[in-house]
Amino acid sequence: MVSKESRAEVRMNKHRKIRNRFSGTAERPRLAVFRSNNHMYAQIIDDTVGKTLVAASTTEKAVKAELEKTNDVAAAAYLGTVIAKRALENGISTVVYDRGGFIYQGKIKALAEAAREAGLEF
């Protein structure tokens with residue numbers, strides 16, 4: 001009988017491999033994205049001091065009020081613009097994109113492209 005790893009375990013292993021390749025610095029922090037079944041979360045992290053500099057998610061009242069649904073591609077794109085605007089307000093213009101082990105398509109891709117269009121460089 002062939003045993004198969006769960007998707008969550010596969011994603012966590014991919015995320016560990018990604019995190020070994022790069023980390024956020026003060027000059028170029030890490031834009032980490034997490035996607036659950038119902039919401040999306042994005043935070044910009046300086047790994048040298050272990051501090052979250054900027055965060056946004058679809059659970060926030062201000063963001064949720066603008067969205068029809070919190071778990072679709074449109075919500076991801078809106079979250080990308082929100083996190084980019086907050087980053088630019090805090091003086092962060094370049095980041096390293098950490099897709100969190102998720103495949104670069106759909107919501108993860110929509111968030112990245114929206115953040116790029118809003119002014120973040122990565």
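The values are calculated or read from the model by the stated rules, or taken from the named source; none is laboratory data. Predicted model only: the values in this text are computed from it and were never measured. So basically every Cβ, Gly included, is an ideal-geometry build from the backbone, and we count neighbours across all protein chains shown. Note: accessible area is taken over every heavy atom of the protein model, side chains too, but ligands, DNA and RNA are not part of it. Shrake-Rupley method; radii C 1.70, N 1.55, O 1.52, S 1.80 Å.
Brief remarks on what is shown
- For the chain, with +1 on Lys and Arg beta carbons and -1 on Asp and Glu, the positive-most of GLY119, ASN20, THR70 along the dipole: ASN20
- J(HN,Hα) series, segment 45-60, from Karplus relation 6.51 cos²θ - 1.76 cosθ + 1.60, nearest Hz, glycine and proline x: 10, 9, 6, 5, 10, x, 10, 7, 8, 9, 9, 7, 8, 7, 7, 5
- Using C-alpha pairs below 8 Å separated by at least 6 residues, the relative contact order for segment 43-110 is 29 percent.
- Over the chain, the Kirkwood radius and the radius of gyration, each from Cα atoms, give a ratio Rg/Rh of 0.99.
- Residue-wise HN-Hα couplings along segment 26-32, as the Karplus relation 6.51 cos²θ - 1.76 cosθ + 1.60 with θ = phi - 60° gives them from phi, are 5, 6, 9, x, 9, 8, 9 Hz; Gly and Pro carry x.
- Of all accessible heavy-atom area on the chain, the percent that carbon and sulfur account for (1.4 Å): 49 percent
- Where both bridge residues fall in the chain, DSSP classifies roughly 75% of the beta bridges as antiparallel.
- Relative contact order of the chain: 28 percent, from C-alpha pairs under 8 Å at least 6 residues apart in sequence.
- Surface exposure of segment 1-117, expressed per residue as accessible area with a 1.4 Å probe, stands at 61 Å².
- Point-charge dipole on Cβ atoms (K/R +1, D/E -1) for the chain, about Cα centre, debye to 20: 480 debye
- Among residues other than VAL73 with Cβ under 9 Å from its Cβ, the summed charge is +1 (Lys and Arg +1, Asp and Glu -1).
- The convex hull of the Cα atoms of segment 1-40, projected and averaged over all directions, covers 4.1 nm².
- Potential lengthening between ARG7 and ALA62 on full extension [0.36 nm per residue; Cα-Cα distance subtracted]: 16.6 nm
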